[in-house]
Amino acid sequence: MTSNAPDLANAGASQLVQALAARHIGALEACDAAIARIESLDAQINAVVVRDFDRAREQARAADAALARGERRALLGLPMTVKESFNVAGLPTTWGFEFARSLPVGEDAVAVQRLKAAGAVILGKTNVALALGNYESNNPVYGRTSHPLNPARTAGGSSGGAAAALAAGMVPLELGSDIGGSIRVPAHFCGVCGHKPTHGLLPTRGHEFPGYQAAPDVLSVIGPMARSAADLELALDVLAGPDGEAARAYRLELPRVRHARIGELRALVLTEHPSARTGADVRHAVEEVARCLAAAGARIERTSPSLPDLAIVHADYVKLLLTIATRGGPNPPPSISAHEWLLLQDRRMRLQQDWRRLFESFDVIIAPVFGTAAFEHLAAPDWEHTMLTIDGEPSLYRDQLAWSGLVTVAGLPSTVMPAGKTARGLPLGLQIVGPMYEDRTPLAVARWL
């Protein structure tokens, strides 16, 4: 390591890539330092549950050789982890299910292939909620992940291990997935950044329920998690683009950021949802960011006649989510009819049209991610009955899906960034929602902030 080497525990992915390219640090050195942090910190947190350190060191040595030859790639030599639910050849993909421990995994997910092609060094995989279906990353295979700042609290789910590993300084970059806030909620809880892309922008092949090859659905996405918005952009450029046969015909060209200056921004700020209680701490954090934007010259509004009926959006989201989340699984609930499913798709299309009209008047929406900061561990959350206490009042745990569904039904992009802390020092985040395929605009707003 040279005198110009970055602080490896706190450096972002972009900073590390630059240091590696300048030979201020070697890839093997960065890899070993990340492994040492995992081995030192993870006994209490339990974030990196599948470790592939020997192969990671081989990848790092290959990266060092490439760097010495003068090669430059977007992530060359960068140590990182990925969510356990992504296929990595030779490693288990269980989604927390015991039966899946022995299922062979012979091929990397497309996203993992792209990360490796960009030069990333994959150290292993991070913990998930069972079936990726909870805000607690806890399952029979790997156990529970705890919050890096308070082991009595959740790190979130289902990408809880990913957020915890980032927040604890184990790695600078992660790969998550999101259908019910699984990138956004852990990022909010742990004080890191995450990006839920426009639906379909990043290929999901190789991120499927163990042993069940599924067609892409209308809600699920994969996306990057990091400690800065700039690092999310770096990863998005590596990961985005068509897959398979579509890649023979289509090329990706995302729209540019809508405005060059934050003072030109038009933002709709939401702090209340008709279907979910939202705590005062969370509302205050959103309002503080709104004041920051207004002070920089942005136009801030809190109502719009173009805003869709959020209660109806949430009702449709729950029906779509339940149908998708239970397909291929044991004991699914009674199916909705094919006609009801098609009617939901029709309403989804009209909702996308409604959002398109709203984004003619606004560039982004600023909104909460979840109604509270990270809550204390729950023994076995039950979607039907489990309650959270928000500002002293009981509130159904499942209702907190509403802030995620606001974005997810229509497939909009959403960037989560830290926005403050509670009086107890727990992180609070918010989501910056942009128009479809205009992912660069919410990412830019996060970077400005």
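The values are calculated or read from the model by the stated rules, or taken from the named source; none is laboratory data. As the structure is a computational prediction, the values presented were derived from the model and not from experiment. Positions of Cβ are backbone-derived with ideal geometry, glycine not excepted, and every protein chain shown enters the neighbour counts. Side chains are part of the model used for accessible areas, which takes the heavy atoms of the whole protein and leaves out ligands, DNA and RNA. Shrake-Rupley method; radii C 1.70, N 1.55, O 1.52, S 1.80 Å.
At a glance:
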{"quantity": "Gap separating the Cα centres of the stretch 86-107 and the stretch 239-294, nearest whole Å", "calculated": "34"}
{"quantity": "Cα-based reach from LYS319 at 13 Å (exclusive), listing aspartates and glutamates while leaving out same-chain residues under 8 positions away", "calculated": "GLU340"}
{"quantity": "Set of lysines with alpha-carbon distance to LYS125 below 21 Å, sequence-local pairs under 8 removed", "calculated": "LYS83, LYS116, LYS196"}
{"quantity": "Counted charge near GLU376, where neighbours are those whose Cβ lies closer than 15 Å (Asp, Glu -1; Lys, Arg +1)", "calculated": "+2"}
{"quantity": "Which of LEU358, CYS292, LEU321, positive extreme of dipole for the stretch 284-400 (C-beta unit charges)", "calculated": "LEU358"}
{"quantity": "Cα-centred dipole magnitude for the stretch 291-449, charges only on beta-carbon of K, R (+1) and D, E (-1), debye, nearest 20", "calculated": "440"}
{"quantity": "Choice from THR94, THR126, THR323 with maximal GNM fluctuation in the chain (Cα, 10 Å cutoff)", "calculated": "THR323"}
{"quantity": "Formal net charge of residues neighbouring SER404 (Cβ-Cβ distance under 12 Å; K, R +1; D, E -1)", "calculated": "+1"}
{"quantity": "Choice from GLY143, GLY70, GLY180 with maximal GNM fluctuation in the chain (Cα, 10 Å cutoff)", "calculated": "GLY70"}
{"quantity": "Largest-first ordering by accessible area, 1.4 Å probe, given options ARG23, ARG348, ARG184, ARG227", "calculated": "ARG23, ARG227, ARG348, ARG184"}
{"quantity": "Loop trypsin sites (Lys or Arg not before Pro), the stretch 31-84, which have at most 13 other Cβ atoms in a 10 Å radius of their Cβ (DSSP)", "calculated": "ARG69, ARG72"}
{"quantity": "Relative contact order computed over the stretch 135-215 (Cα-Cα under 8 Å; 6+ residues apart), in percent", "calculated": "23"}
{"quantity": "Total formal charge among the other residues, if their Cβ is under 15 angstrom from that of PRO255, Lys/Arg +1 and Asp/Glu -1", "calculated": "-2"}
{"quantity": "Choice from GLU376, GLU253, GLU84 with maximal GNM fluctuation in the chain (Cα, 10 Å cutoff)", "calculated": "GLU253"}
